[in-house]
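K.L.:
This structure is in structure tokens; I'll ask about it shortly.
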Amino acid sequence: MANETFYSEVLTDHNMHPVHKHEMSVCTCSREGINPSCGDDIVLNLNIENGVIKDGSFTGSGCAISQASADIMLDLVIGRTVDEAERLHELFMKMIRGECSEEEIDELEEAGALRDISHMPARVKCAVLGWRTMSEMISR
Amino acid sequence: MNLNERNYKTDFPAFDAYPGLAYLDNSATTQKPGAVIDAVRQFYREENANPLRGLYGLAVKATEAYESARIAVRDFIGAKSEREIIFTRNATESLNLAAYSYGRAFVNEGDEILVTVSEHHSNLLPWQLLAKEKHARLCFLECTPDGEYTPEMLKAALTPRTRIFAAAQISNVFGRLNPIKEFAELCHANGTVIVCDGAQSVPHIPVNVREIDVDFLAFSGHKMLAPMGIGVLYGRESLLEKMPPFLSGGEMIEYVTRENATYAELPHKFEAGTVNAGGAVGLHAAIDYIGKIGFREIESRENTLTRQLIEGMRDIPHVHIIGSDKPEEHHGIVTFTIDDVHPHDIAAVMDSDGIAVRAGHHCAQPLHKHLGVMSTARASIAFYNDSGDIEKFLGCLKTIRRRMGFGE
Ligand SMILES: Cc1ncc(COP(=O)(O)O)c(C=O)c1O
């Protein structure tokens with residue numbers, strides 16, 4: 001990480017102008033995700049119909065990484081089936097472990113901006129907060 | 001900056017390995033001078049045997065090395081006797097010892113334990129657990145927004161049932177020096193025992209237990225140039241005498257039968273098991289090193305750097321310093337926030353510029369709640385920092401909002 005900053009425009013944009021950060025009146029499930037040691041605290045809302053994530057949003061607060069990652073994730077999973085969303089979750093985790101090929105990272109689109117998070121182990125949990133919370137919701 | 005010409009960083013091998021590093025996380029732990037590293041190495045190469053046990057020459061050497069470290073600590077904090085110096089792993093263990101041994105024996109149902117709202121979790125949780133176990137009341141002394149506690153505030157909070165008052169001499173968030181001597185007077189007039197957390201004071205200002213007259217003083221070696229894993233609990237001898245052991249086992253006994261045991265004399269009664277002699281030797285070397293530099297020089301450098309830091313931060317929009325706006329009330333500890341930027345992001349950007357600062361709640365969650373902030377960032381100075389470190393920090397600080405996508 002020497003001399004370059006991790007915070008790319010993709011991340012700072014999603015942090016400052018999150019598209020999906022708002023309350024949601026129609027949703028089939030909501031779940032809180034917390035990183036107690038950092039104080040990241042989000043509520044993820046999903047509207048799932050017939051196994052498809054029709055819509056989603058989040059509220060709450062936290063560091064730029066947790067907020068941007070949740071927003072990017074929603075960009076990716078809205079309109080997909082629950083199974084596809086779970087597969088992306090697994091792919092994201094694989095990327096963070098540094099085990100993804102370039103093609104797989106391409107599939108994660110903007111979430112690929114977080115590929116170097118493994119160099120900051122303390123921040124991994126911020127990056128995965130939204131994903132972890134979503135996975136817990138759809139696996140139930 | 002008219003800092004003395006001397007470049008202390010050359011005494012610290014960590015800065016050979018990381019020449020450009022602006023290490024501003026000294027409240028978490030300090031770097032170690034070569035003199036300390038060498039002393040520990042020397043002990044394990046030439047004086048290593050199990051101290052206090054063996055009857056052969058090498059074991060006598062190890063015992064001497066260990067016990068002479070105790071004498072050095074005694075003199076460093078002005079204790080009356082080396083019997084009052086107990087070696088522990090760190091300040092946390094020292095505070096637990098005070099709570100478990102003294103607290104369990106002398107706090108009863110309905111009694112009160114008073115702590116300040118800004119205590120480090122290490123000086124809060126042992127008392128919280130003790131209060132639960134004993135059905136005692138845990139009471140809080142609240143601070144002003146500047147982090148100030150006055151003798152008047154303490155006086156108003158003490159009651160006839162206050163058995164223990166636990167307070168840091170210097171808070172690890174505010175950096176403010178509490179009037180511990182006045183606190184001790186008030187406590188003693190009230191029949192209250194005062195437990196002082198010296199983790200942030202002992203490394204930075206001269207602390208004399210007879211002058212401040214506290215009953216217990218806890219501190220960690222690793223925050224004062226010594227290795228990790230060695231700490232100290234000073235206890236007033238008359239109290240230590242009547243306290244039951246904390247941990248039990250080898251080394252702390254006189255006689256053991258199947259059913260009973262009599263305990264060793266102070267301080268060994270409180271040092272169960274094989275001790276961290278190498279750590280104690282390192283602490284001894286750290287005390288000698290500090291002695292050579294002198295607190296006058298240490299304080300003068302740290303004050304100069306703190307002033308440079310705070311004056312520079314004042315000019316940067318959107319930056320807020322927690323606590324007093326007077327540099328001399330910070331003792332090298334400057335906790336801050338930046339509007340819209342999470343402290344973890346501050347620390348990450350600083351890291352990418354080669355600056356080490358802490359971010360989070362600094363083990364003081366109730367205080368952060370009291371102040372109405374989730375978390376904060378903190379820069380903390382030691383005498384070996386220089387004005388270049390501060391300039392680097394300020395230079396980076398100015399850019400953080402922009403680099404996070406906000407306007408300046
Ligand atoms: C005021 C204060 N008390 C106690 C501690 C605990 O020190 P240690 O972790 O060395 O036991 C610290 C340091 O983190 C501190 O700043």
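K.L.:
Checking residue B:135 against (1) more than 16 Å from the ligand (Cβ to nearest atom); (2) touching a residue at least 24 places away in the same chain (Cβ under 8 Å); (3) on the phi < 0 side of the Ramachandran plot: exactly one of these is not met. Which one?
P.N.:
Against the list (1) more than 16 Å from the ligand (Cβ to nearest atom); (2) touching a residue at least 24 places away in the same chain (Cβ under 8 Å); (3) on the phi < 0 side of the Ramachandran plot, residue B:135 comes up short only on (3).
K.L.:
Of the residues that sit in the stretch B:82-92 and are surrounded by fewer than 23 Cβ atoms within 10 Å (Cβ to Cβ) and within 15 Å of the ligand (Cβ to nearest atom), which one is nearest to residue B:52 (Cα to Cα)?
P.N.:
So, considering only residues that are surrounded by fewer than 23 Cβ atoms within 10 Å (Cβ to Cβ) and within 15 Å of the ligand (Cβ to nearest atom), the one nearest to residue B:52 (Cα to Cα) is B:89.
K.L.:
When residue A:26 is evaluated against the numbered criteria (1) open to solvent by 30 Å² or more (accessible area, probe 1.4 Å); (2) β-branched (Val, Ile, Thr); (3) in contact (Cβ under 8 Å) with a residue 40 or more places away in the chain, which criterion, by number, is the only one it fails?
P.N.:
Residue A:26 satisfies every listed condition except (3).
K.L.:
Okay, moving on. In the stretch B:15-50, which residues are of a type in the set (Gly, Ala, Ser), assigned to a helix (DSSP H, G or I) and open to solvent by 30 Å² or more (accessible area, probe 1.4 Å)?
P.N.:
B:17, B:35
K.L.:
Restricting to the stretch B:382-393, and then to whatever is more than 14 Å from the ligand (Cβ to nearest atom) and open to solvent by less than 20 Å² (accessible area, probe 1.4 Å), can you tell me which residue is nearest to the chain's Cα centre (by Cα)?
P.N.:
Among those residues, the one meeting the criterion is B:383.
K.L.:
Would you mind finding the one in B:79, B:105 that is surrounded by fewer than 15 Cβ atoms within 10 Å (Cβ to Cβ) and more than 16 Å from the ligand (Cβ to nearest atom)?
P.N.:
Going through B:79, B:105 in turn, the sole match is B:105.
K.L.:
If you don't mind, there's one more thing I want to ask. Taking the stretch B:28-75 only, how many residues are closer than 16 Å to residue B:276 by Cβ, within 16 Å of the ligand (Cβ to nearest atom) and among the small types (Gly, Ala, Ser)?
P.N.:
Counting residues in the stretch B:28-75 that are closer than 16 Å to residue B:276 by Cβ, within 16 Å of the ligand (Cβ to nearest atom) and among the small types (Gly, Ala, Ser) gives 0.
K.L.:
Could you run through the stretch B:354-406 and say how many residues are at negative phi, free of Cβ contacts under 8 Å to residues at least 60 places away in the same chain and part of a loop (DSSP other than H, G, I, E, B)?
P.N.:
Adding up the residues that qualify gives 4.
K.L.:
So, in the stretch B:181-202, of the ones that are more than 15 Å from the chain's Cα centre (by Cα) and within 16 Å of the ligand (Cβ to nearest atom), which residue ends up nearest to residue B:303 (Cα to Cα)?
P.N.:
Across the stretch B:181-202, the extreme among qualifying residues is B:183.
K.L.:
Give me the residue from the stretch B:203-243 that is within 14 Å of the ligand (Cβ to nearest atom) and in contact with a Cys (Cβ under 8 Å, 6 or more places away or on another chain) and, out of that set, nearest to the other protein chains (Cβ to nearest Cβ).
P.N.:
B:218
K.L.:
Count, please, the residues in the stretch B:351-362 that happen to be open to solvent by 10 Å² or more (accessible area, probe 1.4 Å) and at pLDDT 90 or above.
P.N.:
Counting residues in the stretch B:351-362 that are open to solvent by 10 Å² or more (accessible area, probe 1.4 Å) and at pLDDT 90 or above gives 7.
To keep it simple, each residue is scored yes or no on (1) open to solvent by 30 Å² or more (accessible area, probe 1.4 Å); (2) over 19 Å from residue B:151 (Cβ atoms); (3) in contact (Cβ under 8 Å) with a residue 24 or more places away in the chain.
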residue: B:180; (1), (2), (3): no, no, yes
residue: B:184; (1), (2), (3): no, no, yes
residue: B:190; (1), (2), (3): yes, no, yes
residue: B:202; (1), (2), (3): no, yes, yes
residue: B:219; (1), (2), (3): no, yes, yes
residue: B:235; (1), (2), (3): no, yes, yes
residue: B:241; (1), (2), (3): yes, yes, yes
residue: B:244; (1), (2), (3): yes, yes, yes
residue: B:269; (1), (2), (3): no, yes, yes
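K.L.:
If you don't mind, there's one more thing I want to ask. Do you know which residues across the stretch B:339-368 are out of contact with any Asp or Glu (no Cβ under 9 Å at 6 or more places or on another chain) and more than 11 Å from chain A (Cβ to nearest Cβ)?
P.N.:
Passing the criteria: B:339, B:362.
K.L.:
Next question, about the same structure. For the list (1) within 16 Å of the ligand (Cβ to nearest atom); (2) within 14 Å of chain A (Cβ to nearest Cβ), I need the number of the one condition that residue B:378 fails.
P.N.:
(2)
The values are calculated or read from the model by the stated rules, or taken from the named source; none is laboratory data. These numbers come from a predicted model, not from an experiment. Methodologically, a virtual Cβ is constructed for each residue, glycine included, from the backbone with ideal geometry; neighbour enumeration extends over all protein chains shown. The protein model used for the area step is the full one, side chains on, heavy atoms only, and it has no ligands, DNA or RNA in it. Shrake-Rupley method; radii C 1.70, N 1.55, O 1.52, S 1.80 Å.
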